[in-house]
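Below is one structure, written out as structure tokens; comments come after it.
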Amino acid sequence: MKLSDYNTPLLPSYTIDPELLNQARLEMQSDRVPGIALGVYHEGCTATAGLGVTNVLHPQPVDGNTLFQIASITKTFTVTALLQLVEQGRLNLDDPVHAHLPRFTVADPAVSSAVTIRDCLTHSCGWEGDFFEDTGWGDDALAAMVARMDKLVQVTPLGRMWSYNNAAFYVLGRILEVLHGRPYEEVLDEALLAPLGMDGACFFAHHLLHRKFAVGHAERGGQTVIARPWAMPRCVNPSGGVVASADHLMRYAQFQLDGGEVLGDTMRLAAFEPAGPSSDTPEIGLGWWLDDSTGERVVSHGGGANGQPCLFAMIPSRRFAIAVLTNGANGRITARRLLAWAMRTYFGLAAPDPRIQSRPDVEAWLGTYETCTESYTLRREGERLVFDEKTLKEWLDGLTPPAASRAGIEVRAIGSDTMLISPCTRAAEVGTVLRDDNGENRWLRVHRRASLRR
């Protein structure tokens, strides 16, 4: 499907551009991804396609209707459902969480009383974010999870900076439950999934038995293996529980880009504007990541269920969206490269290559930084600056195969507080040193999470 083929305001099933499909085939082969589903939306029309297989042990061909765990893309659905309540006058983004959940508490009493809905939406609440426990499959699972958050300590100060926070969305999901008087999954189905025509999108594994769905894969000893477990605990659903297809996400793209009855344009478009506490790249809107580095704003969110990385991105100024759903451990790289290819090929948009902008005091960066699940070390290895990454606690119980530690990864300084980790590779990513009010290096943000210097 060439972009020039879009010539109708309907949603017909066009054929994906062969060049995009070929590029996807090359990328997934490079990254050893078993299967991929693509969706493209532009100026009112859509196309989907699939490559590869759903499962290396019991293979079925992937297509645009194959269901994947879209994981943290779910957060944008949770946000949209909350914005509906704002539009209805039933809550305000600057309401304290306590206004709707009077018993809510984390380890710091001052944070417990002061944290707002906006702080949670913009990942700036500061408590430990990668908090995953199984509270069962009953309708009380989310309430039980929020009650367990009383042990979460602060990693960063409230409202000072953003650091990706899954646990904040348990709070937001629970607020939806309380205000609607129904379980989160029912709220989302009635508020968004059904009105948007996302029939078949769901939350629970037992709803998939009669559908074609993908399973995640990991790499172990040079072999591609099934990633287990498939399901995440029910309490995680507001943060990452939706199971959907590329076709479903194209319906979602139509609403997000062109509007619809489920949310007015003023509130919908407000989510695409910066709303967080910092102005580095990417910025954070209301549940969306915002990147203006190409000269036009890219609004996106990724997901990373066990062995199923994915990406949903929009360029509102072009009424363009792309969804890349994968079932391989390196699918995050595949998705990121396909987004860059599409932006460059269709619109001539490309972010500038990272360049050294200053000569930082790299020695001040050295040390070990930790979250509740990961340990990161910046150190010297001869003349080289290198990065080590070690798993302290698996994010999901029973994770098979377990995450592998990495050591000696090259680091290149590109700014006074920024670095490229693994430069000149497909997996290159930016790391940022964050400072306290006295200008001291206190945190390292990598994988969009801030870790505290030990």
Identify all residues within the range 216-268 that are polar (S, T, N, Q) and either surrounded by fewer than 21 Cβ atoms within 10 Å (Cβ to Cβ) or not assigned by TED's automatic domain parsing to the domain that holds ARG319 (or both); write none if there are none. GLN223, THR224, THR266
Residue match in the range 290-303 (condition: under 19 Å from THR74 (Cα atoms), crowded, with 16+ Cβ neighbours inside 10 Å and either without any contact (Cβ under 8 Å) to a residue 24 or more places away in the chain or not assigned by TED's automatic domain parsing to the domain that holds PRO61 (or both)): yes
Failed condition for ALA340, given (1) out of contact with any strand residue (DSSP E or B) (no Cβ under 8 Å at 6 or more places or on another chain); (2) surrounded by fewer than 14 Cβ atoms within 10 Å (Cβ to Cβ); (3) without any contact (Cβ under 8 Å) to a residue 24 or more places away in the chain: (2)
Among the residues in the range 371-378, are any among the hydrophobic types (A, V, I, L, M, F, W, C) and part of a loop (DSSP other than H, G, I, E, B)? yes
Between a first residue in the range 180-194 that is assigned by TED's automatic domain parsing to the domain that holds TRP137 and closer than 9 Å to PHE77 by Cβ and a second residue that is of a type in the set (A, V, I, L, M) and at pLDDT below 95, which pairs have beta carbons less than 8 Å apart while being 6 or more apart in sequence or on different chains? none
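With respect to ALA81, is the statement that it is under 30 Å from PRO309 (Cβ atoms), in contact with a Leu (Cβ under 7 Å, 6 or more places away or on another chain) and among the small types (Gly, Ala, Ser) true? Spell out how you get there, then give the answer.
On the way: under 30 Å from PRO309 (Cβ atoms): yes; in contact with a Leu (Cβ under 7 Å, 6 or more places away or on another chain): yes; among the small types (Gly, Ala, Ser): yes.
Considered against the rule, which asks whether it is under 30 Å from PRO309 (Cβ atoms), in contact with a Leu (Cβ under 7 Å, 6 or more places away or on another chain) and among the small types (Gly, Ala, Ser), ALA81 comes out as yes.
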Considering residues of the range 25-49 that are assigned to a loop (DSSP other than H, G, I, E, B) and out of contact with any His (no Cβ under 7 Å at 6 or more places or on another chain) only, the residue surrounded by the most Cβ atoms within 10 Å (Cβ to Cβ): VAL33
Which of the residues belonging to the range 51-76 are over 24 Å from PRO238 (Cα atoms) and in a strand (DSSP E or B)? LEU51, GLY52, VAL53, PRO61
Is it true that GLY89 is over 21 Å from VAL153 (Cβ atoms), surrounded by 17 or more Cβ atoms within 10 Å (Cβ to Cβ) and modelled with pLDDT of 95 or more? no
Out of curiosity, is ALA403 in a loop (DSSP other than H, G, I, E, B) and buried (at least 16 other Cβ atoms within 10 Å of the Cβ)? yes
Condition first: in a helix (DSSP H, G or I) and among the hydrophobic types (A, V, I, L, M, F, W, C). Now tell me which residues in the range 77-103 satisfy that. PHE77, VAL79, ALA81, LEU82, LEU83, LEU85, VAL86, VAL97, ALA99
For the range 414-421, does any single residue satisfy the condition of being under 25 Å from the mean Cα position of the chain (by Cα) and surrounded by fewer than 16 Cβ atoms within 10 Å (Cβ to Cβ)? no
Can you tell me which of SER278, SER317 is without any contact (Cβ under 8 Å) to a residue 60 or more places away in the chain and either assigned by TED's automatic domain parsing to the domain that holds PRO34 or within 23 Å of ASP258 (Cβ to Cβ) (or both)? SER317
What pairs come out if I take residues in the range 372-389 that are free of Cβ contacts under 8 Å to residues at least 60 places away in the same chain and pair them with residues that are acidic (Asp, Glu) and surrounded by 18 or more Cβ atoms within 10 Å (Cβ to Cβ) whose C-beta lies under 9 Å away, six or more apart or interchain? GLU389/GLU374
Looking at GLY259 and the list (1) touching a helix residue (DSSP H, G or I) at 6+ places or on another chain (Cβ under 6 Å); (2) in contact (Cβ under 8 Å) with a residue 40 or more places away in the chain, which single condition is not satisfied? (2)
3 or more residues farther than 19 Å from HIS301 by Cα, at pLDDT 95 or above and of a type outside the set (D, E, K, R): qualifying helices (runs of 4 or more DSSP H) within the range 104-190: 109-114, 141-147, 166-180
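The values are calculated or read from the model by the stated rules, or taken from the named source; none is laboratory data. Computed from a predicted structure; not experimentally measured. Here the Cβ is made from the backbone with ideal geometry for all residues, glycine too, and neighbour counts use every protein chain on show.
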